[in-house]
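The next block holds one structure in the form of structure tokens; read it before the comments.
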Amino acid sequence: MWTPERLVKEAKTLSSLPTIYTRLNEAVSNPWSSNRDIAGIISEDAGLAARLLRIANSAFYGFPSKIDTITRAVTVIGTQQLRDLALATSVINMFADMPNEVVSMESFWQHSIACGVTARILASYRREPNVERFFVAGLLHDVGRLIIYSKMPDIACQALEDSQSKNALLYEIEKEIMGFDHADVGGLLLRQWKIPENTVNAVAFHHKPSAIGEFQMDVSIVHIADIITNALQIGSSGEICVPSMDPNAWMQINLPKSILSPSISELKRQYDEAVKFVLPEAA
Amino acid sequence: MGVINLEDLQPGMVLAEDARHLNGRILLNSGTELTEKHIHIFKSWGLMEASIEGITKEEINAKSIEHISPEILKEAEEEIRRRFCHTELTHPFVADLFQLCVRLFTEHKARSLKNVDSRETG
């Protein structure tokens, strides 16, 4: 019998994050470390350093002059923000061996990136201090599905077929046949990675934000971003309908509904570049 | 009077209420007739909507789809309605998202039809 715990335990290649992320996280949390210490850790991984510079010079920020060193990027973008971007761009590599049979990986990541970018845009309209945290939460909100697709492909296919034939929501079908859904699995995986609690909850509760009990901005934003992304049909993680919206989440975000069309124009502007730095080999 | 999105504002429209920035600052008083420059300033200040005399949002929406053939519009609405069947369409935000998806669907459709036409004639 499969449970979320067993799925996460058996996904061995996913058991822990790259050590560079752990070290970066320690340095960022340590009040004694300087920007130079953090830049030093990032520079040890040339690939990571190059990806971060690419992001720093993209439409994500639109800085007027070119940012050509990691030290400068740490100064203008911020240490926590850079740590979160490092996580976003390294995590995809961990899923390199996922099977393409159930859902195309390209389509899966398109949906995830669009959701991450949308969450980031909503957070920036709210003037949240660290918008990259929302990008990470949006990017990872459906990763539980990847584990389900790789460990239990037959049941996953059955769930997909059922949802298509009944025009039903996939996460509800998952719950019906497995007793849990992809959000449970994703939340558990992120908890094992020791990702901050806000992000864990954003992933674990993105289909039922009110169930956390206390209000959290991260989950409300990911919930709404997922709905917008599914409505626009940018890629898909398997879902064919727009998830049901929790009006509380929209109320908590407290933005006028007129942000919808500027958000979508902004999404169009940032999405292609985000695909390039998250999925470099697809570009 | 109706609250109109920034992108649908046009010179000559008259403000029904003061145009305010999110922080409450008044950018332009009610009764002012908008010019190209005002709209540009709204854009740079990040204003997203304004209340306008003598027009409603529904009229703007109707205008934006009036050039679309009824068959394509019907097809779009049916398809988008199927995808939105699990969420509450009466919620104002969902209703706007729905309208936007219908608009994008018809534009996409119109573009692909145009491509077929140009391939046939060219």
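Miscellaneous remarks
- Amide proton proximity set for residue B:18, modelled H, under 5 Å, gap of 5+: B:30
- Taking GluC sites (Glu not before Pro) across segment B:18-122, the ones in a DSSP loop with at most 12 further Cβ atoms lying within 10 angstrom of their Cβ are B:66.
- In order through segment A:31-43: 3J(HN,Hα) via Karplus (6.51 cos²θ - 1.76 cosθ + 1.60), integer Hz, x for Gly, Pro: x, 8, 7, 9, 4, 5, 4, 5, 4, x, 5, 4, 5
- Our coupling estimate for segment A:218-225, obtained by passing each phi through the Karplus curve with A = 6.51, B = -1.76, C = 1.60 and θ = phi - 60°, is 4, 5, 5, 5, 5, 4, 6, 4 Hz, Gly and Pro reported as x.
- Mean projected area in nm² (Cα convex hull; one quarter of hull surface) for chain A: 14.5
- Among the GluC sites (Glu not before Pro) within segment A:119-223, those in coil by DSSP and having at most 12 neighbouring Cβ atoms inside 10 Å are A:214.
- Cα gyration tensor shape of chain B, rounded if a/c is under 1.5, else prolate or oblate by comparing a/b with b/c: prolate
- Counting lysine pairs in chain B whose alpha carbons fall under 19 angstrom apart, excluding pairs fewer than 8 residues apart on the same chain, gives 4.
- For the residues of A:262-268, the average number of beta carbons from a partner chain within 10 Å of their own beta carbon is 2.
- Local net charge near residue B:57, Cβ-Cβ under 12 Å (Lys/Arg +1, Asp/Glu -1): -3
- Structural descriptor for chain A: relative contact order 22 percent, calculated from alpha carbon pairs under 8 angstrom and at least 6 residues apart.
- Across peptide A:226-233, the mean count of Cβ atoms from other chains lying within 10 Å of each residue's own Cβ comes to 4.
- Of the chymotrypsin sites (Phe, Trp or Tyr not before Pro) in segment A:1-59, the ones in a loop by DSSP (not H, G, I, E or B) with at most 10 other beta carbons within 10 Å are A:32.
- Rounded to the nearest whole Hz, the Karplus-based 3J(HN,Hα) values (6.51 cos²θ - 1.76 cosθ + 1.60, θ = phi - 60°) of segment A:129-145 follow the sequence x, 10, 6, 5, 4, 6, 4, 4, 4, x, 4, 9, 4, 10, 4, x, 4, with x at glycine and proline.
- Convex hull projection area averaged over all views, segment A:21-176, Cα basis, nm²: 11.1
- Using a cut-off of 25 Å between Cα atoms, the listed pairs A:151/A:194; A:166/A:257; A:151/A:268 include A:166/A:257; A:151/A:268 as exceeding that distance.
- Tensor-based shape of segment A:95-194 (alpha-carbon gyration tensor, a/c under 1.5 rounded, otherwise prolate or oblate): prolate
Readers should treat all values here as calculations from the given coordinates under stated rules, not as data from a laboratory. Please read all numbers here as calculations on a predicted model, not as lab measurements. FYI the Cβ positions are ideal-geometry reconstructions off the backbone, even for glycines, and counts take in every protein chain you see.
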